[in-house]
Amino acid sequence: MRSFYLVAIASLLVASTQLAAADQTKTIKSADGRTTILTWGPAHQPPAQAQPDFDQLDRDGDGMLSLVETEAHRLLHSDFDYADLNSDGQLSRAELARWVAQP
């Protein structure tokens, strides 16, 4: 059983060194008849979305964005905790600008 996992891990390491143009799969059958299917390829890109507009998102006009206000921008909303550098539960213009500048 342990050697099966070592073979699977080794296969993944070898596969990760190759640049794949599309998803690839490999089927491995173990001695006890079990089948494992490995799939690898380039990371899928998140859906494209325009950069968030602070003034449009700031519905209450307080100069800060709450988690609820960011619901209109899916990516920012899902990344809210990361963007909120000082963990105060709100995003300032500077925090939003830093988040937008991230690659």
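Overview of values
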{"quantity": "Pairs where the first residue, in region 53-64, is in contact (Cβ under 8 Å) with a residue 40 or more places away in the chain and the second is surrounded by 10 or more Cβ atoms within 10 Å (Cβ to Cβ) and not small (G, A, S), C-beta under 6 Å, 6+ apart", "calculated": "F54/R93; F54/L96"}
{"quantity": "Lone unmet requirement of (1) modelled with pLDDT of 95 or more; (2) under 21 Å from A101 (Cβ atoms); (3) surrounded by fewer than 13 Cβ atoms within 10 Å (Cβ to Cβ) for F54", "calculated": "(3)"}
{"quantity": "Residue in region 83-99 that is farthest from S66 (Cα to Cα), counting only those that are among the polar types (S, T, N, Q) and assigned to a loop (DSSP other than H, G, I, E, B)", "calculated": "N86"}
{"quantity": "Residues of region 69-88 satisfying the condition of being surrounded by 12 or more Cβ atoms within 10 Å (Cβ to Cβ) and either more than 21 Å from the chain's Cα centre (by Cα) or among the aliphatic types (A, V, I, L, M) (or both)", "calculated": "E69, A72, L75, L76, A83, L85"}
{"quantity": "Residue selected from region 67-91 under the condition small (G, A, S) and out of contact with any Leu (no Cβ under 8 Å at 6 or more places or on another chain), by the criterion farthest from A50 (Cα to Cα)", "calculated": "S87"}
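The values are calculated or read from the model by the stated rules, or taken from the named source; none is laboratory data. The structure presented is a predicted model; accordingly, all values stated were derived computationally and were not measured. Counting neighbours? That spans all protein chains shown, and the Cβs are built from the backbone with ideal geometry, glycine included.
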